[in-house]
Every structure is written in structure tokens, then in C-alpha cells.
1. For ASP52, state whether it is of a type in the set (Asp, Glu), closer than 24 Å to ALA111 by Cβ and either surrounded by 11 or more Cβ atoms within 10 Å (Cβ to Cβ) or more than 15 Å from the chain's Cα centre (by Cα) (or both).
2. I need a count of the residues in region 113-167 that are assigned to a loop (DSSP other than H, G, I, E, B) and over 23 Å from ALA36 (Cβ atoms).
3. Can you tell which of SER157, SER93, SER134 is crowded, with 16+ Cβ neighbours inside 10 Å and of a type in the set (Ser, Thr, Tyr)?
4. ASP28: in a helix (DSSP H, G or I) and surrounded by fewer than 16 Cβ atoms within 10 Å (Cβ to Cβ), yes or no?
5. Would you check if there is a residue in region 63-79 being of a type in the set (A, V, I, L, M, F, W, C), free of Cβ contacts under 8 Å to residues at least 12 places away in the same chain and surrounded by 11 or more Cβ atoms within 10 Å (Cβ to Cβ)?
6. Checking HIS104 against (1) more than 25 Å from PHE147 (Cα to Cα); (2) more than 16 Å from the chain's Cα centre (by Cα), only one condition comes out false. Which one?
7. Is it the case that region 73-95 has a residue that's in a helix (DSSP H, G or I) and under 17 Å from ARG14 (Cβ atoms)?
Amino acid sequence: MSELRIGVILGSTRPGRNGKAVADWVIDRAGARTAASYELVDLADYLLPHLDEPVPPSRGVPYQKDHTRAWAAKIAEFDGYVFVTPEYNRSTSGVLKNAIDYLHKEWADKAAAFVSYGTLGGVRAVEHLRAVASELQLAHVRQQLAFSMFSDFENWSLFKPDGRHDALATTLFDQLESWAAALKTVRA
């Protein structure tokens with residue numbers, strides 16, 4: 001099987017965001033992997049206004065907006081995704097939900113994993129994302145990483161993750177790569 005491509009989607013565009021350090025940590029840990037290559041996909045690089053396509057993406061009609069076509073082309077490149085999400089008000093960020101909602105077929109029959117951060121580790125954001133992923137036929141793995149603002153950040157801004165996350169990241173990558181490889185055969 002050819003090498004797998006995994007997109008690490010940074011789901012926050014807030015100035016001074018903590019998510020960049022978390023996404024960089026994921027990319028760093030993934031750097032030693034041999035079954036897949038990992039690429040950072042920063043939503044700050046994709047100027048997606050509030051969903052503005054005139055036809056829902058689930059209808060399969062060609063996208064009309066240039067920004068949608070560019071976003072779709074990037075997402076279509078990957079066999080799986082790691083969503084790095086903050087928890088805002090018991091859910092994911094609006095910018096990540098909006099970016100997901102822009103597309104449909106590009107997500108289907110691919111694998112996903114979740115990395116979250118927040119006061120409670122961002123786990124409620126992941127609960128919502130799991131439901132969204134299921135609707136899009138985006139298979140999500142069990143292992144997730146949840147970073148606490150209390151124990152994995154110094155002064156709520158400097159990312160210093162507890163060492164226990166390294167082993168959990170290995171499990172997350174193993175599960176994600178296995179599912180991504182299996183689903184690649186489904187798409188073929």
C-alpha cells in the first residue's frame with residue numbers, strides 16, 4: 001500500500017491561540033512515524049466565511065466559490081485527519097465546525113482522531129465532533145488526547161504537556177493509521 005497522508009487540522013484561528021503549540025506537538029510526535037506522513041492544515045490559512053455555498057455539499061453539486069474549491073482540494077489530499085480542537089462553551093470552535101460543514105464527499109470513508117485542550121481537556125468538544133464525524137461517514141478512532149489548561153499548560157499559555165501523553169499519542173497514531181489504511185481500500 002502506498003504511504004498514507006494525514007492532515008492535522010488546527011481548529012482555532014483566535015489570536016494568541018494555544019492550539020498552534022498543541023498542533024506543533026502532534027506534528028513533532030508524528031514525525032517519527034513511517035506508515036504515514038502528517039501535514040499541518042491551519043484554518044487561519046483558509047479564509048472561509050460563514051458557510052456561503054448556495055447548495056448543501058451533501059447534494060454533490062460542484063462547489064461554486066473559489067475558497068470552497070481550494071479547501072476541498074486540500075482536504076481531498078488526505079486519507080485521514082487529526083482534528084486539534086479547543087473547547088469553547090462546551091463545544092468545538094465555530095471556525096472548525098464551519099470548515100467541516102463546507103464539505104461532504106471529501107470526508108467520507110476516511111479516518112479521524114481528536115486532540116483537544118481546555119479546562120476539562122476539551123473532551124466535550126470532541127463529543128460533538130464525534131457526532132459530526134459519524135454523520136459525514138468519517139470513521140473516528142477511540143483513542144484521543146485531552147490536554148488540560150491546569151496541568152498541561154503553564155500560566156494557561158505555555159504548552160508543557162505531561163509525559164503520559166506520549167504513549168497515548170502512539171496509540172492514537174497506530175489506530176488512525178490502521179483505520180486510514182483500511183478505508184483507503186474502501187475508497188478504491
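The values are calculated or read from the model by the stated rules, or taken from the named source; none is laboratory data. Worth saying up front: this structure is predicted, and the values here are computed from it rather than measured. Quick reminder, even Gly has a Cβ in these numbers, built from the backbone with ideal geometry, and neighbours come from all protein chains shown.
1. Here the answer is no, as ASP52 does not meet what is asked.
2. Of the residues in region 113-167, 14 are assigned to a loop (DSSP other than H, G, I, E, B) and over 23 Å from ALA36 (Cβ atoms).
3. SER93
4. Considered against the rule, which asks whether it is in a helix (DSSP H, G or I) and surrounded by fewer than 16 Cβ atoms within 10 Å (Cβ to Cβ), ASP28 comes out as yes.
5. There is at least one residue in region 63-79 that is of a type in the set (A, V, I, L, M, F, W, C), free of Cβ contacts under 8 Å to residues at least 12 places away in the same chain and surrounded by 11 or more Cβ atoms within 10 Å (Cβ to Cβ).
6. Going through the list (1) more than 25 Å from PHE147 (Cα to Cα); (2) more than 16 Å from the chain's Cα centre (by Cα), HIS104 breaks only (2).
7. yes
Every residue, every condition in (1) at pLDDT below 95; (2) of a type in the set (A, V, I, L, M); (3) closer than 19 Å to VAL141 by Cβ, yes or no:
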residue: LEU4; (1), (2), (3): no, yes, yes
residue: GLY7; (1), (2), (3): no, no, yes
residue: SER12; (1), (2), (3): no, no, no
residue: VAL22; (1), (2), (3): no, yes, yes
residue: ILE27; (1), (2), (3): no, yes, yes
residue: ASP42; (1), (2), (3): no, no, no
residue: VAL61; (1), (2), (3): yes, yes, no
residue: ASP79; (1), (2), (3): no, no, yes
